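Just so it is clear, none of the values below were taken in a lab; they were calculated from the coordinates. All figures in this text were calculated on a predicted structure; none of them were measured in a lab. Neighbour counts run over all protein chains shown; Cβ positions are idealised from the backbone, glycine included.
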Amino acid sequence: MADPMAIEKLVSQLYENRGYITRLRYPYKSKKGANKDVDVICVKGKELLLISVKRVGSHQWFLKCENEEKYKGYSISNAVRQLLDEDLEKVIHEDFGREFDIKGIVYYNFDPKNPPNDNWIEKGWIEIKIYGIHELITELFKDVVDVVKDNKGPRYYDTGLELIRNMVALLRYDPDFINHLSEQAIKKIPVIQDGRKKNINAD
């Protein structure tokens, strides 16, 4: 199995902060013997969460789509289908038993102003919820803010959380810190608009 990505580690840390025991890149095999994995598994009491973390996808594929709606619908549906895998269902039941309340979660880079449509969420052996990466980052910020505000706890060993801790500290002195970053980013980063990639104010 591949090593966990940084964003998957942050998801794991978020749920550990909420009292879950987590496992990264949970491995299983398909009926044909192919190696597969789920990004994060979280267990607390009788609750078991299967979590998939997905990026937006390649711009090359995006540019082949007629519009952003089709692009997001296709990609999110694929992320959901991963968690409805019959092979995964079998392994989960063998490993953890059937007494768990099992739910699926997809964290995905969608526009917060345009959340997923209902028809992107397929029905299967578990309930699936879809959240934006922006919601994940917001929750992590809340956790870190509580620690910094109360001046409690050590520095984080997780690189991502330590970065957030320092950003929170910077916001104390410069409340517009995030806006300054955004203004710089929008001048440099290709922005998806109207179903196509477009540079805004490029130098």
Cut-off 19 Å, label 7 Å out along Cα→Cβ of Glu86, residues of the stretch 10-47 by amide N: 28-37
In Hz, Karplus ³J(HN,Hα) per residue of the stretch 35-52 (6.51, -1.76, 1.60; θ = phi - 60°; x = Gly, Pro): 6, 10, 7, 10, 4, 9, 10, 10, 10, 8, x, 9, 9, 10, 10, 9, 10, 10
Relative contact order %, the stretch 1-40, counting alpha carbon pairs below 8 Å whose residues are six or more apart: 41 percent
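What pairs from Lys36/Lys129; Lys54/Lys129; Lys46/Lys123; Lys113/Lys187 go past 18 Å between their alpha carbons?
From Lys36/Lys129; Lys54/Lys129; Lys46/Lys123; Lys113/Lys187, over 18 Å: Lys36/Lys129; Lys46/Lys123; Lys113/Lys187.
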